[in-house]
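Structure first, commentary second.
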Amino acid sequence: MQPIAPDFSELLKGAQRTAVHLEMRDSYGVADELPAVERFKQTGQSDLDPESEYWAPWTAMVREAVARGVVLRRARIISEPVTDYIRYEHAMTPVNIGAGEEVRWLPRRRASDLALPGNDFWVFDGRAVRFNHFTGTGDWADPRTSYTEDEAVARLCSSAFEAVWERAVPHEQYIV
């Protein structure tokens, strides 16, 4: 049995050097995002206020980590043409960047020869991995078995992330 995943905020607070995140789905159906995604689809507008109720907890965590010297990087593997959800994410990404994250996008066709884990993940300091498990409709699945400090798994995920990062396009240069 795998250990119960520590709370994400605990993992980020404990990071000393790096926190990297790889996202590989073209759409997510996370319940707390659904109204905002639907609004974006209808109006093209999204919440870009880093102090809004939606963003403030995230931007505060990222800013605190960055202030401690932690480098946060996020890479997204995406299909083209992109989905409405990816358009939504792309429109919201300036908030991530403003808080201190670096973000890149990799078209899926350029990832075909990369060895990738089967799930989205975060790696903290190259040693602790928290997998993000989703249902078929993109909502959160049970996260209790989504954490490991297994060195081989951490190396696999770190290596996969770096391979994606090397090929990916910086957010400012990727047009949806």
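All of the numbers you see were taken from the coordinates with simple rules; none came from a lab. Predicted, not measured: the structure shown is a model, and the values here were computed from it. With ideal geometry, Cβ positions are generated from the backbone for all residues, glycine too; neighbour counts draw on all protein chains shown.
What is the fewest-to-most order of V176, V62 by other Cβ atoms lying within 10 Å of their Cβ?
V176, V62
How would you rank 158-166, 134-142, highest first, on the average number of other Cβ atoms within 10 Å across their residues?
158-166, 134-142
Any idea what the dipole of the chain comes to, in debye rounded to 20, about its Cα centre with Lys/Arg Cβ at +1 and Asp/Glu Cβ at -1?
Here the size comes out at about 480 debye.
Specify which residue in the list V103, S27, L114 is farthest towards the positive end of the charge dipole of the chain, using unit charges on the beta carbon of Lys, Arg (+1) and Asp, Glu (-1), about the Cα centre.
Of V103, S27, L114, it is L114.
Taking the dipole about the Cα centre of the chain, with the C-beta of Lys and Arg at +1 and of Asp and Glu at -1, give me whichever of A36, N132, Q173 is farthest to the positive side.
Of the listed residues, the answer is Q173.
For region 14-24, what does the Karplus curve 6.51 cos²θ - 1.76 cosθ + 1.60, with θ = phi - 60°, yield as ³J(HN,Hα) per residue in whole Hz, taken in order and with x for Gly and Pro?
After applying 6.51 cos²θ - 1.76 cosθ + 1.60, I find x, 5, 10, 10, 9, 9, 10, 10, 10, 10, 10 Hz.
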